[in-house]
Amino acid sequence: MTTEIRTEPRTITADLGRYLEDFVKGDVYEHRPGRTITESDNINFSLMTMNRHPMHCDADFAASSEFGKPLVNSGLTLAIVLGMTVDDISYKAIANLGWDEIMLKAPVFPGDTIYARSEVLDVRVSKSRPTQGIVKTRTEGVKADGMVFMTFVRSSLVPRRP
């Protein structure tokens with residue numbers, strides 16, 4: 001058996017995301033890369049979103065708390081974890097239909113590196129839009145040490161394969 005080596009250059013366009021038919025109930029996606037959250041990320045996000053709670057932006061105040069240091073704004077961790085899922089879950093989506101059961105299970109601190117993984121809970125063709133379907137996933141935010149710090153369930157409206 002001979003293998004030909006291609007010699008003509010090509011242009012290859014990345015194809016991100018999935019169609020409805022690509023999702024299988026029970027599949028788990030390990031989303032990469034991870035993200036190390038910095039103190040600047042936390043302060044900028046908190047102040048940009050008008051969350052002036054001193055636990056996020058006042059190290060002296062946070063030092064006297066039960067945590068002894070600033071906490072990362074949970075809105076930021078939710079946004080980052082959700083963003084990590086886009087390439088695998090919703091890049092081709094027409095719309096996000098909603099988030100349910102958002103649970104904050106452990107604190108996240110500046111300097112923590114976080115990852116995400118999603119399990120496909122359900123896949124079905126839409127009753128009102130037969131060229132589209134609904135994918136329901138449960139996502140976990142996971143620290144580098146394996147601690148699950150956040151979970152949520154999301155429903156996405158995804159096109160069927162053309």
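The values are calculated or read from the model by the stated rules, or taken from the named source; none is laboratory data. These figures come from a predicted structure and were not determined experimentally. Note: ideal-geometry Cβ built from the backbone for every residue, glycine included; neighbour counts use all protein chains shown. Side chains are part of the model used for accessible areas, which takes the heavy atoms of the whole protein and leaves out ligands, DNA and RNA. Shrake-Rupley method; radii C 1.70, N 1.55, O 1.52, S 1.80 Å.
Worth pointing out:
- Over the chain: helical MRE at 222 nm, DSSP H runs n ≥ 4 each giving -39500 (n - 2.57), nearest 500: -5000 deg cm²/dmol
- C-alpha long axis of helix 74-85 to longest principal axis of the chain, angle in °: 20
- Taking GluC sites (Glu not before Pro) as exposed when DSSP calls them loop and at most 15 other C-beta atoms lie within 10 angstrom, the chain has its longest site-free stretch at 67-162.
- P(r) for the chain, from all Cα pairs and a bin width of 5 Å, is 2, 8, 15, 16, 14, 12, 10, 8, 6, 4, 2, 1, 1, 0, 0 %, short bins first.
- Computed extension gain for A79 through D100, at 0.36 nm per residue and net of the alpha carbon distance, reaches 6.1 nm.
- Size of the stretch 10-91: Rg and Dmax of its alpha carbons, in Å, are 17.9, 60.
- Per residue value of the accessible surface for the chain (all protein chains in place, 1.4 Å probe), Å²: 61
- Most positive-pole-ward Cα, P54, T38, Y91, against dipole of the stretch 29-96 from beta carbon charges: Y91
- Selection from G26, T131, I114, by position along the positive dipole direction of the chain (Cβ): T131
- Hits among lysines - C-alpha to C-alpha of K25 under 30 Å, sequence gap 8 or more where chains match: K92, K105, K127, K136, K143
- A simple spin-label model places the labels of H53 and I5 5.9 nm from each other, with each point 7 Å out along Cα-to-Cβ.
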